[in-house]
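S.K.: I'd like to ask some things about the structure below.
The values are calculated or read from the model by the stated rules, or taken from the named source; none is laboratory data. Every value quoted in this text rests on a predicted model; they were computed, and no experiment measured them. Quick reminder, even Gly has a Cβ in these numbers, built from the backbone with ideal geometry, and neighbours come from all protein chains shown.
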Amino acid sequence: MRLSLVVPCYNEVEVVTRFHEALSRELVATGRPYEIVYVDDGSTDGTLDELVKLAAADEAVRYLSFSRNFGKEAAMLAGLRYAGGDAVVIMDADLQHPPELIGRMLEQYERGFDQVIARRTRTGDPATRTLFARTYYWLINRWADVELVDGVGDFRLLSRRAVDGLLELGEYNRFSKGLFAWIGFESILFEYDNVKQPDRKSRWTFRRLLEYGLDGLLSFNNRPLRLAIYVGLLLTAVAAGYAVWVIVNAVLNGVQMPGYVTLIAAITGLGGLQMVMLGVIGEYIGRIYYETKHRPHYLLKQSNIDPIDRPATQTPRSRQLP
Ligand code: UDP
Ligand code: MG
């Protein structure tokens, strides 16, 4: 079997060479033919030069470079499209995904699993973040169509058919965690100790996490729209009940001055609710808008992969690895 590694890199100039050495050591130890597909996601710090150097020195290195930063999702997609192996491992370049685990992944792959998923523990994470994460996963698993597991990220091995499955999902808004779960296949999870983010701060600010969370919620179901319908129905029922009460009261006791406070509360409350529901609908329309443009997920600037092997959409199945 042949193994492909897909490594998205964005401004990783400080670690990428170290990462490559550590990774190569492990890969050589597995004794299998392999290729490493580095995807430079529009880095501005010379990561690309570093990759060019690596490619010159090591024929197992393939690199793709984007014309600008398109995000990790796009980088992973590009890597998966170009990876030609029977199994593909996706890893971060910042050494947070220990290369030593690849051997274990291969063992499970050989036992017939299509997805071998590394799950990180939350040791060393701030308590508040852990709490948010827990709550979020609880929420999303009640709501979304796919099941997501806390601590599971993009670090995993995928079999050829799992990769092909992923590549068939051509959506523009890619929420990988959900896509991986959506394709199914035999999967197995194993745990590894959390590795602290190297020197620099995590790119995951609270706001980005919140937006990512919303993405996940909206990418995989239409339940927020359902909820809007239910809330609307409930409010209609309440309003109808209240109207009956007002009429009966007027008939029995005569018309009195209506309550100013009730009126204002109802107007502002309902106004707020309507805005929220409009927002929910808007979110979905926004997604439709992006999907209908059919824009490519990324643009390439430079690569050392033979143009013959460059697929527009599918995987180069026949490509020979060194
Ligand atoms: N990455 C990328 N494009 C981006 C942001 C990140 O390709 O726009 C890569 C980055 O180089 C790294 C991986 O994705 O290899 C994970 O990024 P990071 O370490 O910032 O995320 P975290 O570990 O905090 O989840
Ligand atoms: Mg990281």
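S.K.: Looking at Thr268, Thr292 in this structure, which one is β-branched (Val, Ile, Thr) and under 30 Å from Asn173 (Cα atoms)?
M.R.: Criteria check complete, one pass: Thr292.
S.K.: Here is a check on your reading of the model: is Val37 of a type outside the set (Ser, Thr, Tyr), within 15 Å of ligand 1 (Cβ to nearest atom), within 15 Å of Leu5 (Cβ to Cβ) and touching a Ser or Thr at 6+ places or on another chain (Cβ under 7 Å)?
M.R.: yes
S.K.: Sticking with this one: Given the range 98-171, what helices (runs of 4 or more DSSP H) lie entirely inside it while holding 3 or more residues that are touching an Asp or Glu at 6+ places or on another chain (Cβ under 8 Å) and of a type outside the set (Asp, Glu)?
M.R.: Answer list for the range 98-171: 127-143, 160-168.
S.K.: Still on this structure: Residues to consider are Arg207, Arg174; find the one that is within 15 Å of ligand 1 (Cβ to nearest atom), loosely packed, with under 15 Cβ neighbours inside 10 Å and not aliphatic (A, V, I, L, M).
M.R.: Arg207
S.K.: Going residue by residue through the range 258-272, is there one that turns out to be of a type outside the set (Gly, Ala, Ser) and outside any helix (DSSP H, G or I)?
M.R.: yes
S.K.: Give Tyr38, Tyr63 a once-over and let me know the one that is part of a strand (DSSP E or B) and either farther than 30 Å from Arg111 by Cα or in contact with an Asp or Glu (Cβ under 8 Å, 6 or more places away or on another chain) (or both).
M.R.: On inspection, the qualifying residue turns out to be Tyr63.
So that you can scan it fast, the table gives a plain yes or no per residue for (1) buried (at least 18 other Cβ atoms within 10 Å of the Cβ); (2) at pLDDT 90 or above; (3) more than 26 Å from His297 (Cα to Cα):
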site: Ala75; (1), (2), (3): yes, yes, no
site: Leu80; (1), (2), (3): yes, yes, no
site: Val88; (1), (2), (3): yes, yes, no
site: Glu110; (1), (2), (3): no, yes, yes
site: Asp145; (1), (2), (3): no, no, no
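S.K.: Taking the options Glu100, Glu50, Glu21, Glu35, name whichever one is buried (at least 23 other Cβ atoms within 10 Å of the Cβ), away from ligand 2 (no atom under 16 Å from the Cβ) and either on the phi > 0 side of the Ramachandran plot or acidic (Asp, Glu) (or both).
M.R.: Glu35
S.K.: Got at least one residue in the range 152-161 being buried (at least 18 other Cβ atoms within 10 Å of the Cβ), touching a residue at least 24 places away in the same chain (Cβ under 8 Å) and among the basic types (Lys, Arg)?
M.R.: yes
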